[in-house]
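What follows is a set of notes on a single structure, which appears directly below.
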Amino acid sequence: MKTSARDGTASRTIRFLAHTHADRPREEWQQLEDHLEGVAVLAERNAAVFECGEWGRLAGLWHDLGKYSEAFQAYLEATHDTHQAEIAGRVDHSTAGAKHAVDKLGILGHLIAFPIAGHHSGLLNANANGACMRSRLVKKVEPYDGAPEHIIDQPTPPLPRILAEAMRRRDPFAVGFFVRMLFSALVDADFLDTERFMNERRAAWREEWPEDVLPQMAAALAGHISSLGGGAATSVNRERRHVLESCLQAARRPPGLYSLTVPTGGGKTLSSLAFALSHAIEHGLRRIIYVVPFTSIIEQNADVFRKVVAPLVAAGMADPIVEHHSNLDPDQETEGSRLAAENWDAPLIVTTSVQFYESLFANRTSRCRKLHNMARSVIILDEAQALPVEFLAPCLRALDELTENYGATVVLCTATQPAIQRREDFPIGLVVGRDNEIVPDPERLFEELKRVEVTTEPDTLTDDLLADRLLAQDQVLCIVNTRGHARGLAEILGESEEHFHLSALMCPAHRSQQLGHIVSRLEDGLPCRVVATRLIEAGVDVDFPVVFRSLAGLDSIAQAAGRCNRNGRLAKGETVVFRSEHVDRERFAAATADAAAQTLAGHENALSLEAIEAYFRLYFWDQYHRTDAKAVLDEFHLGRERDLPFLFGFARVAAEFKLIEDTGKPVIVPWGVEGEKLCDELRSAWSGVPSMDLVRRLQRYTVQVPERLWRRNLNQAFELVHGQYAVLVFPDRHYSEWTGLRLPDGPADLLMT
């Protein structure tokens, strides 16, 4: 119970509420001061990781000052619906705290005002083209006289080192990045405190791990590697041991930016994890974030890591691995979606480049929750060069901020060439010190691991001719650029126990099963012909004597060659690069394919470091003018006006920053017994909001579909559960055990990779 007068004079007593609850008596509804203090504690903890705890605490204390208004309290009393008041904006409660921050702290208050004003709607623009923050800061708000003095009158916190340095350099991007991290610290704290009150059951589901979880994982990894035994005493196995030892030695060096350049088949996946765990333990870092290029291969890396930690899970530890796809991220912001959003509070996160980079430039609350958990983490970027040229500059700038100012270690992990390192003709590149090249003498390593001959087919291959070439081989892998091409070619080969199809038309659980069959047949020496998309090019340990690869970027060709004679059992494997008859449909790959074709024509050894350098010169370095095609970096400026000193276009950047223009929309497939069970659990989710654990498990049963096709088949091939999750209704009709999802339209409509 509190008085409404700040001067201490007698006044009627008011109970100021933060949240109501339909299933609890009125006296148990959450008190506003309790909520503000709870959020302040959590936000301070979140921001303290990057030495800005006092700023996080202040944002937490002030974020809901507008709820002290009589209008907001009257609305709650009348409707008992906190969420409608917050989401629909019927009573604006976030502007008051933003205005108070500016009134109290002056120019620096704007940096707290951004997170407070956006803690439900998302970070706003504040620039000449869309001064949303200016309109918010001059907006008349309902009086919040009921707010107690000890919350209102907080001292000005000292200027954080990160912010002081950025202001000294007059670096608007760094200042904007600080605002994002503070926003993340606040919204995650707000969600967690709200969840504790609104949904105790969901809060109780959040996993906890022992303090020594990373040492336990490191010990489990050492045991796992030891159990593999190293295989035969081949040059490949000898070099894999060398890579692992180099990673363990480099882990003792200080946090920063590292490069791990290892050809495919060199044991990069487990060795990079060994570096990450040892480095985190050595320097007190908090988690490992493993970033892979494509959604379609994420589960393969996660499966490898789960084998490592299986003994820990069997002994009772909560699974320390979180796979975070973008598959089931909701398009629309709701209270339920925000509470169920992933905040990456786990020891090992496996995610995609799209999820990682787009989160760094997002403005929505659910997408930004995780950002503060990137600080003081080890971030492994698998195939670090797999970025569109158009977004290179902002992506590299963000990585630089994480390593320079937020205590992260970033490892540029590549099987080709450190293409995004700074050089004279590529000034935006990242600077990796000589001592931070994890494996010394990469030229020697590439030469030692050379075990494949790459040849180029002179003529375009039709699918019929290509199928004949594949049928002439007992064990062969053919990698093409699109799902539609893979399905069409597989259908020409025909269903057989000797033939396999792998593409993102199949849900991950189905692909994992098929991959297991493929590995077994290869090990047993049985005929095995596989048609796949590029999802098989990274993190998949298969070993074919012959590989066919449809023309693509040279880094993709190198990855394909890594599935050929992978373990060095043959004197020489054969990888054949060919032009497909579908090349006119593959415009998205035109730039990389053209650069690769020019490189292949001029170099006898397509996988030499000289050839790879020539390829990246054509594709990256000579296109420096295109590295910020969406002008993302131009959206950050320091202003000259006191009422708008920071001209940041957060909302515009979020709208423009799409690594893939059409990532598609997810369809959940009730594949197998487990898939059917999970879909039943989804339909019966309490209050229509599935648990985070259920959403995570459903990711293995999703297929991404082009949006036009998704909308065309809504309410025909699949239903919308809880207004948000599309579930395939007739799997017998629309899902094939041979090729996966089969919607009424032909393969041409399923050309997503």
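Some observations on this one:
- Test: ALA185 is within 16 Å of MET374 (Cβ to Cβ) and assigned by TED's automatic domain parsing to the domain that holds HIS35: yes
- Filtered residues of the range 239-259 (kept if assigned to a loop (DSSP other than H, G, I, E, B) and either surrounded by fewer than 21 Cβ atoms within 10 Å (Cβ to Cβ) or not aliphatic (A, V, I, L, M) (or both)): ARG252, ARG253, PRO254, PRO255, GLY256
- Count - residues of the range 362-392 that are part of a helix (DSSP H, G or I) and under 17 Å from ALA591 (Cβ atoms): 4
- Within the range 691-748, the set of residues being surrounded by fewer than 18 Cβ atoms within 10 Å (Cβ to Cβ) and aromatic (Phe, Trp, Tyr) comprises PHE730, TRP738.
- Tally, over the range 470-484, of residues that are crowded, with 17+ Cβ neighbours inside 10 Å and in contact with a strand residue (DSSP E or B) (Cβ under 8 Å, 6 or more places away or on another chain): 9
This table checks each residue for (1) closer than 14 Å to SER580 by Cβ; (2) of a type outside the set (Phe, Trp, Tyr).
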site: THR482; (1), (2): yes, yes
site: ALA490; (1), (2): no, yes
site: PHE500; (1), (2): no, no
site: LEU505; (1), (2): no, yes
site: ARG511; (1), (2): no, yes
site: ILE518; (1), (2): no, yes
site: GLY525; (1), (2): no, yes
site: VAL530; (1), (2): no, yes
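- Subset of the range 640-672 that is closer than 30 Å to GLU390 by Cβ and free of Cβ contacts under 8 Å to residues at least 24 places away in the same chain - its residue that is surrounded by the fewest Cβ atoms within 10 Å (Cβ to Cβ): GLU661
- Qualifying residue in the range 487-510 (condition: modelled with pLDDT under 90, of a type in the set (A, V, I, L, M, F, W, C), in a loop (DSSP other than H, G, I, E, B) and surrounded by 21 or more Cβ atoms within 10 Å (Cβ to Cβ)): yes
- Taking strands (runs of 3 or more DSSP E) as the structural unit, those lying wholly within the range 511-620 and holding at least 2 residues that are buried (at least 22 other Cβ atoms within 10 Å of the Cβ) and in contact (Cβ under 8 Å) with a residue 60 or more places away in the chain correspond to 546-550, 573-578.
- Test: residue in the range 199-211 that is of a type in the set (Gly, Ala, Ser) and either crowded, with 22+ Cβ neighbours inside 10 Å or not assigned by TED's automatic domain parsing to the domain that holds ALA419 (or both): yes
- The numbered conditions (1) touching a helix residue (DSSP H, G or I) at 6+ places or on another chain (Cβ under 6 Å); (2) farther than 25 Å from PRO706 by Cβ; (3) not aromatic (Phe, Trp, Tyr) are all true for LEU522 except (1).
- Positions within the range 263-306 being within 15 Å of the chain's Cα centre (by Cα) and outside any helix (DSSP H, G or I), in sequence order: ARG287, ILE288, ILE289, TYR290, VAL291, VAL292, PRO293, PHE294
Table: residues versus (1) part of a strand (DSSP E or B); (2) modelled with pLDDT under 90; (3) of a type in the set (Gly, Ala, Ser); (4) closer than 26 Å to ILE321 by Cβ.
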| position | (1), (2), (3), (4) |
| --- | --- |
| ASP693 | no, yes, no, yes |
| ARG696 | no, yes, no, yes |
| VAL703 | yes, no, no, yes |
| ARG708 | no, yes, no, no |
| ARG711 | no, yes, no, no |
| ARG733 | no, no, no, no |
| TRP738 | no, no, no, no |
| ASP749 | no, yes, no, no |
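- For the range 247-273, the set of residues classified as of a type outside the set (S, T, N, Q), farther than 17 Å from PRO440 by Cα and in contact (Cβ under 8 Å) with a residue 40 or more places away in the chain consists of PRO255, GLY256, GLY265, LEU270, LEU273, listed by residue number.
- Candidate set: the range 88-142, residues that are of a type in the set (Ser, Thr, Tyr) and modelled with pLDDT of 90 or more; chosen: the one farthest from TYR75 (Cα to Cα): THR95
- Yes/no for GLU437 being of a type outside the set (A, V, I, L, M, F, W, C) and touching a Pro at 6+ places or on another chain (Cβ under 9 Å): yes
- When each of ALA415, ALA384 is tested for being modelled with pLDDT under 85 and within 14 Å of the chain's Cα centre (by Cα), the lone residue that passes is ALA384.
- The residues of the range 278-309 that are closer than 17 Å to LEU502 by Cβ and either surrounded by fewer than 23 Cβ atoms within 10 Å (Cβ to Cβ) or not charged (D, E, K, R) (or both), listed by number, are VAL292, PRO293, PHE294, THR295, SER296, ILE297, ILE298, GLN300, ASN301, ALA302, ASP303, VAL304.
- Some residue of the range 673-686 being buried (at least 18 other Cβ atoms within 10 Å of the Cβ) and not in a helix (DSSP H, G or I): no
- Residue list for the range 418-439, restricted to those being assigned to a loop (DSSP other than H, G, I, E, B) and either at pLDDT below 80 or under 22 Å from ALA276 (Cβ atoms) (or both): PRO418, ALA419, ILE420, GLU424, ASP425, VAL431, VAL432, GLY433, ILE438, VAL439
- Count - residues of the range 454-501 that are of a type outside the set (Asp, Glu) and in contact with a Phe, Trp or Tyr (Cβ under 8 Å, 6 or more places away or on another chain): 13
- Taking the range 440-455 as the range and being buried (at least 16 other Cβ atoms within 10 Å of the Cβ) and either in a strand (DSSP E or B) or modelled with pLDDT of 90 or more (or both) as the test, the residues that pass are VAL452, GLU453, VAL454.
- Applying the set (1) within 24 Å of LYS268 (Cβ to Cβ); (2) among the hydroxyl-bearing types (Ser, Thr, Tyr); (3) free of Cβ contacts under 8 Å to residues at least 40 places away in the same chain to SER496 leaves exactly one unmet item: (1).
- Some residue of the range 2-12 being modelled with pLDDT of 95 or more, part of a loop (DSSP other than H, G, I, E, B) and either over 27 Å from VAL179 (Cα atoms) or of a type in the set (A, V, I, L, M, F, W, C) (or both): no
The values are calculated or read from the model by the stated rules, or taken from the named source; none is laboratory data. As the structure is a prediction and not an experimental result, all values here were calculated from the model. We place every Cβ from the backbone using ideal geometry, glycine too, and count neighbours over all the protein chains shown.
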